[in-house]
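Down below is the structure, laid out as structure tokens.
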Amino acid sequence: MKDLTILLSASGSPSIPGLVECFKKNGERNIRIVGMDMSEEPSAKYLVDKFYRVPAATSKDYVDIVLDICEKENVDIYFPNISVEVTAVSKRKDDFSKIGTIISASDQTSVEIANNKLSLYQFLKDKGISVPRFYGVHSIVDFEEGCRYLGYPDVPVCLKIVDGSGSRGVRIIDSNRNRYQIFVNEKPNSFFVAYEDMLNILKEAEGELHEMLLVEYLPGNEYTVDLLADKGKTKYIAGRDNLVSLMSIAQESVVVEDNEAYEMSKAVVECLGLDGNIGFDFMRDKNGKPFLMDLNPRLTATVSVIAAAGLNLPYLRIKQLLNENLPKIDISYGTRLKRRYGEIYTDVNGNKIEITKMINRKG
């Protein structure tokens, strides 16, 4: 089979080694990986075959810079891995096509709905798909009224920025946790905040608030569905319970089947006409029922555990885009992932070094 060059954004992410393995260990062809990230940290370049530092995906020059990289490196397929980036590049698919690069992304309209949580919730509600109770927030008055509408202070509520990602702009407001209890009992990366503190934070906004929404807080584990879509039809699907997470990235997951979540995911794929690698985040209520919380129109950070279970969704997307035959897959449910730290060492000039050489180096 023909060797390929692919481009991955956010290639300095802590979860990128697993994704690289999905592409490299495909058993059929050699894949060269070009990575790009806005990070200045020198070790990022050692995770991929070629590395470029780029500005934030919100930069006005971002897409032109990526086009230049794709042309220079003869990129066959480009996988955008940041939600806001997917929106930007999906508008210019034709420009990438002219230089021979395929973008792995859904169409612009579907992406724009998926990347705005308020628009997504309203769209799904109108289609009869279960979402948690929610309330749009455009002002401090909306915040106060929305909390009351959802039942606060009797029940906790969750506040989210509609276009946030990676746990940015997410807070849980629980009247059973006062400031002192949060200080004593919660880890520094906790999402919990006192109502009065959140209100004061919003009052410090300069100009208009970011568009936000309040949703009912669901206490169960997060459940993620990863799938491969083909213009509104689901080709492959698998799910995982995320037992431990840190800043939205699962640290421990187990591949588990949940047909109710599967059917909801398939329905959303059909309603939005989604295409490619898609991730759906669910939360469970106290009875274990899944509710769709978020949709990521891209590869997710922990899709590698699905590949370990036999369903290599990133590589199957490549085969799909190249119109190759897609195989029948049997999923090994019960497959687990446990993230443990691994290190890359660099010297003062950013060159990679091995710890054994440093230990054995003579003075």
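The values are calculated or read from the model by the stated rules, or taken from the named source; none is laboratory data. Keep in mind the model is a prediction, meaning the values are calculated, not measured. For neighbour counting, all protein chains shown are included, and Cβ atoms are generated from backbone atoms with ideal geometry for every residue, glycine included. Just the protein is used for accessible areas: all its heavy atoms, side chains included, with ligands, DNA and RNA removed. Shrake-Rupley method; radii C 1.70, N 1.55, O 1.52, S 1.80 Å.
Numbers for the structure displayed
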{"item": "Restricting segment 171-228 to residues that are without any contact (Cβ under 8 Å) to a residue 24 or more places away in the chain and among the hydrophobic types (A, V, I, L, M, F, W, C), the residue that is nearest to S248 (Cα to Cα)", "result": "F192"}
{"item": "Close pairs from segment 325-347: first without any contact (Cβ under 8 Å) to a residue 60 or more places away in the chain, partner surrounded by 10 or more Cβ atoms within 10 Å (Cβ to Cβ) and not in a strand (DSSP E or B), Cβ under 7 Å, at least 6 apart", "result": "D330/G310"}
{"item": "Residue tally, condition surrounded by fewer than 20 Cβ atoms within 10 Å (Cβ to Cβ) and farther than 16 Å from V131 by Cα, over segment 270-287", "result": "2"}
{"item": "Where a residue in segment 138-160 is within 18 Å of M293 (Cβ to Cβ) and its partner, wherever it lies, is of a type in the set (K, R), with Cβ under 8 Å and at least six apart", "result": "L150/R133; C158/R171; L159/R171; K160/K117"}
{"item": "Matching entry among V131, V86, V111, V63 (being of a type in the set (A, V, I, L, M), out of contact with any Lys or Arg (no Cβ under 8 Å at 6 or more places or on another chain) and touching a residue at least 24 places away in the same chain (Cβ under 8 Å))", "result": "V111"}
{"item": "Listing of helices (runs of 4 or more DSSP H) fully contained in segment 247-341 that carry 2 or more residues being modelled with pLDDT of 95 or more and of a type in the set (G, A, S)", "result": "259-272, 304-308"}
{"item": "Residues satisfying the stated conditions in segment 140-153, i.e. part of a loop (DSSP other than H, G, I, E, B) and within 12 Å of L199 (Cβ to Cβ)", "result": "Y152"}
{"item": "Among residues of segment 110-156, those that are among the polar types (S, T, N, Q), within 19 Å of the chain's Cα centre (by Cα) and surrounded by fewer than 19 Cβ atoms within 10 Å (Cβ to Cβ), counted", "result": "2"}
{"item": "Flag if P290 is under 16 Å from Y236 (Cα atoms), touching a residue at least 60 places away in the same chain (Cβ under 8 Å) and surrounded by 21 or more Cβ atoms within 10 Å (Cβ to Cβ)", "result": "no"}
{"item": "Some residue of segment 249-257 being open to solvent by 20 Å² or more (accessible area, probe 1.4 Å), free of Cβ contacts under 8 Å to residues at least 60 places away in the same chain, farther than 25 Å from I77 by Cα and not hydroxyl-bearing (S, T, Y)", "result": "no"}
{"item": "Hits in segment 7-25 (condition: assigned to a loop (DSSP other than H, G, I, E, B) and either open to solvent by 40 Å² or more (accessible area, probe 1.4 Å) or more than 18 Å from V75 (Cα to Cα) (or both))", "result": "G12, S13, P14, S15, K25"}
{"item": "Residue that is surrounded by the most Cβ atoms within 10 Å (Cβ to Cβ), among those in segment 56-81 that are within 30 Å of I353 (Cβ to Cβ) and at pLDDT below 95", "result": "N81"}
